[in-house]
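Structure first, commentary second.
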Amino acid sequence: MENKGTFYITTPIYYPSDNLHIGHAYCSTAADSMARFKRMTGYDTYFLTGTDEHGQKIERKAKATGVTPQQYVDHIVDGIKDLWKLMDIEYDDFIRTTDERHVKCVQKVFKKLYDQGDIYKSEYEGWYCTPCESFWTELQLKDGCCPDCGRPVEKAKEESYFFRMSKYQDWMIQYIQEHPDFIQPASRANEMISNFLKPGLEDLCVSRTSIKWGIPVDFDPKHTVYVWVDALTNYISALGYGTDHDELYRKYWPADVHLVGKEIVRFHTIIWPIMLHAIGEPLPKQVFGHGWLVIDGKKMGKSVGNVVDPVVLCNRYSSDAVRYFLMREMPFGADGEFTLRSMLTRVNADLANDLGNLVSRTVAMIEKYFDSVLPAVGPTEEVDRTLWELALQTPDTVETSVNAFQFSQALGSIWKLVGECNRYIDITAPWILAKQEENRARLGTVLYTLAECVRRIAVMIAFVMPKTPARIFAQIGLEQEEEKTWASVTDGQFCHLRPGTRVAKGEALFPRLDIEKELVRDQAPAEPKQTDVPKQQAKQEKKGHSAPEFPAEIAIDDFAKVKLQVARVLACEKVEKSKKLLKLQLSLGKDGERQVVSGIAAWYTPEEMVGKQVVLVANLKPAKLAGIESQGMILCAATENDGKLKLMTVEPGMDDGAVIG
Ligand code: MSP
């Protein structure tokens with residue numbers, strides 16, 4: 001495959017203050033998936049991750065444990081590397097901020113900024129949030145606490161060095177405005193400008209004398225470098241910036257993308273670019289701020305005590321299943337509720353049923369009807385050509401989505417092909433073709449088509465599920481390495497597998513899970529607690545939607561909290577043992593899909609619902625109705641005379657996902 005150029009991607013470097021949770025793994029899985037995809041599609045890719053080991057937080061933890069900070073971090077870093085191995089996070093380099101190469105680089109950058117007058121000595125007086133390692137002014141505090149994490153701050157007053165950020169404020173605003181791709185998703189750019197840049201940038205305190213566990217300022221060693229200045233430099237220190245061996249820096253910098261969680265976008269899009277600009281180096285091409293994994297609406301994190309251990313999940317359900325869920329379930333820029341139930345439901349539906357059954361049925365039929373030998377293509381019909389066409393188009397669709405960090409959409413396109421293959425089995429009914437000898441050549445076409453689609457699906461899922469393809473290739477008897485590559489699904493030719501190859505049925509790719517049993521034995525929260533709003537919703541379902549009482553008036557801000565979106569019903573079925581409930585799968589266009597349970601079964605049949613566009617309360621906290629997760633509510637009104645419910649629908653021509661208001 002032609003070399004398409006370089007691609008440099010980074011994760012944030014993680015604090016080794018505790019074991020990492022599935023929220024951290026989310027960021028690394030996305031970065032790894034992107035790196036694998038770029039490698040597979042012909043880019044010379046470099047993927048950096050690491051650990052952010054200095055600062056007050058680590059200093060205090062080590063003290064409390066009775067070990068030195070270095071001993072403390074060494075132990076945790078080993079665990080982090082084990083986790084990445086378990087999850088197939090295949091980085092090219094792991095930088096630690098305690099590495100000598102990093103320390104030297106930070107000192108060099110600091111000195112350069114000092115020598116050119118961008119860093120000066122003064123006195124700091126203000127507030128410091130140790131968990132966030134952030135400085136705040138009195139005005140920025142929220143109820144006297146850290147505006148980011150809400151925890152108490154500490155007074156700090158000491159001699160410090162300052163970085164002249166104020167000097168670069170106008171340049172920074174202009175840069176962000178002139179480079180719309182620099183901060184993604186775009187809404188985060190507006191947030192940076194209006195919340196941090198427009199109110200005025202103050203010079204940043206960039207050294208501490210009270211914190212010993214840090215990189216000493218080499219020309220004034222009683223000072224240690226502020227942890228964020230230290231940490232951000234990792235992206236270039238790892239490439240040998242400023243040394244005699246800066247080949248990697250020259251090859252890969254500027255980074256194509258820094259992938260970071262949304263709460264640290266501001267460090268990466270204000271402090272970091274100003275530092276780089278001041279030392280005369282180019283800026284990263286993009287900073288992508290992804291959403292959080294939340295539980296009951298709260299960010300998963302040690303301080304809330306709601307963490308889920310990725311090691312437990314990977315050991316129990318396989319790392320490929322965990323990776324698939326993380327990349328499939330939520331649109332990448334937005335927050336996503338993590339529940340074990342939703343993960344297991346996905347694994348059963350998409351992996352055990354859709355993909356697993358497709359592979360096992362295909363191989364089993366070749367075994368049964370052709371004695372395990374892959375048949376050649378015989379006569380083709382419209383139905384085959386339609387599927388071939390979809391299989392040939394899917395890689396392009398996937399590539400477009402992955403390049404926009406829309407992992408969920410990319411997997412959705414692959415699963416569309418999986419679904420169409422399963423439908424193709426139902427339509428062509430190979431078991432009927434097998435009954436008559438004269439249909440043998442036709443049966444060959446059908447089974448060859450399925451095996452070839454399975455090969456293509458295996459190639460395409462590799463960037464998210466690196467272990468599964470080899471298991472699929474073994475079952476369809478594929479050995480040639482060139483037929484496992486991206487080039488082999490993008491050359492415009494459908495038939496790649498060689499007729500005559502022996503297939504061999506293996507173990508089920510993903511055994512079906514008994515979800516209720518799994519939920520009982522796991523420590524992870526099974527589903528969000530019901531909050532008042534969904535309870536009211538459930539109550540209203542019971543009362544047959546009698547009119548609730550409303551306040552006489554509300555402020556526009558109250559209304560602005562409700563996100564209404566146009567949604568299209570993709571599928572709909574009755575909820576077992578319920579006369580009132582229908583379960584609907586809804587499309588929000590580029591915002592993905594939702595499942596909603598609604599009490600309209602008495603007025604609408606599932607068949608009537610499919611294809612309709614409805615109005616969805618999209619940011620309603622998920623709730624369980626009849627044991628099924630409902631991710632929002634669709635709007636209806638009751639008719640005055642008989643209380644019949646009628647759906648709120650929209651004018652034709654509206655986009656799925658369009659925001660109403
Ligand atoms: N050390 C800093 C980053 C310095 S980069 C120069 C840091 N470390 S962290 O360990 O607290 O977080 C690392 C990454 O994990 C961040 O991008 C953060 O957003 C992400 N996550 C932590 N909890 C998360 C969730 N619950 N969900 C998704 N991502 C989460 O910040």
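Structure notes:
- Among the residues listed as D350, D354, D309, the single one being closer than 22 Å to A504 by Cα, open to solvent by 10 Å² or more (accessible area, probe 1.4 Å), under 23 Å from the mean Cα position of the chain (by Cα) and among the acidic types (D, E): D354
- The residue pairs whose first member lies in region 578-589 and is within 15 Å of M633 (Cα to Cα), whose second member is of a type in the set (F, W, Y), and whose beta carbons are closer than 8 Å, counting only pairs six or more residues apart or on different chains, are L582/Y604.
- Residue in region 231-286 that is most open to solvent (accessible area, probe 1.4 Å), counting only those that are among the polar types (S, T, N, Q) and within 20 Å of H179 (Cα to Cα): Q286
- Filter result for I89 (among the hydrophobic types (A, V, I, L, M, F, W, C), outside any helix (DSSP H, G or I), in contact with a Ser or Thr (Cβ under 9 Å, 6 or more places away or on another chain) and buried (at least 18 other Cβ atoms within 10 Å of the Cβ)): yes
- Yes/no for E59 being surrounded by fewer than 23 Cβ atoms within 10 Å (Cβ to Cβ) and part of a loop (DSSP other than H, G, I, E, B): no
- Any chance V73 is in a helix (DSSP H, G or I), crowded, with 20+ Cβ neighbours inside 10 Å and touching a strand residue (DSSP E or B) at 6+ places or on another chain (Cβ under 6 Å): no
- Hey, L588 surrounded by 20 or more Cβ atoms within 10 Å (Cβ to Cβ) and under 30 Å from L340 (Cβ atoms) or not: yes
- Of all residues in region 170-195, those satisfying the criterion of being closer than 17 Å to G291 by Cα and either open to solvent by 90 Å² or more (accessible area, probe 1.4 Å) or in a helix (DSSP H, G or I) (or both) are A186, S187, R188, A189, N190, E191, M192.
- Residues in region 568-583 that are surrounded by 17 or more Cβ atoms within 10 Å (Cβ to Cβ) and outside any strand (DSSP E or B): V575, S578, K580, L581.
- Residue check for K112: part of a helix (DSSP H, G or I) and touching a residue at least 60 places away in the same chain (Cβ under 8 Å): yes
- Set T45, T11: member being at pLDDT 95 or above, of a type in the set (S, T, N, Q), in contact with a helix residue (DSSP H, G or I) (Cβ under 7 Å, 6 or more places away or on another chain) and away from the ligand (no atom under 14 Å from the Cβ): T45
- Of the helices (runs of 4 or more DSSP H) lying entirely inside region 272-349, the ones with 1 or more residues being within 13 Å of the ligand (Cβ to nearest atom) are found at 272-278, 310-317, 319-329.
- Test set (1) at pLDDT 85 or above; (2) surrounded by fewer than 21 Cβ atoms within 10 Å (Cβ to Cβ) - Q613 fails condition number: (2)
One line per residue, one yes/no per condition, for (1) at pLDDT 95 or above; (2) open to solvent by less than 10 Å² (accessible area, probe 1.4 Å); (3) within 11 Å of the ligand (Cβ to nearest atom):
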{"residue": "E2", "(1), (2), (3)": "no, no, no"}
{"residue": "T6", "(1), (2), (3)": "yes, no, no"}
{"residue": "E53", "(1), (2), (3)": "yes, yes, yes"}
{"residue": "K104", "(1), (2), (3)": "yes, no, no"}
{"residue": "K112", "(1), (2), (3)": "yes, no, no"}
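- The residues of region 32-41 that are surrounded by 23 or more Cβ atoms within 10 Å (Cβ to Cβ) and either hydroxyl-bearing (S, T, Y) or near the ligand (Cβ under 10 Å from one of its atoms) (or both) amount to a single one, S33.
- Top-ranked residue of region 118-155 - restricted to ones that are acidic (D, E) and open to solvent by less than 50 Å² (accessible area, probe 1.4 Å), ranked as farthest from the ligand (Cβ to nearest atom): D118
The values are calculated or read from the model by the stated rules, or taken from the named source; none is laboratory data. Treat the numbers as computed from the prediction; the structure is a model and nothing was measured. No Cβ is skipped: glycine too gets one built from the backbone with ideal geometry, and neighbour counts run over all protein chains shown. Calculation scope for accessible area: heavy atoms of the full protein, side chains included, ligands and nucleic acids excluded. Shrake-Rupley method; radii C 1.70, N 1.55, O 1.52, S 1.80 Å.
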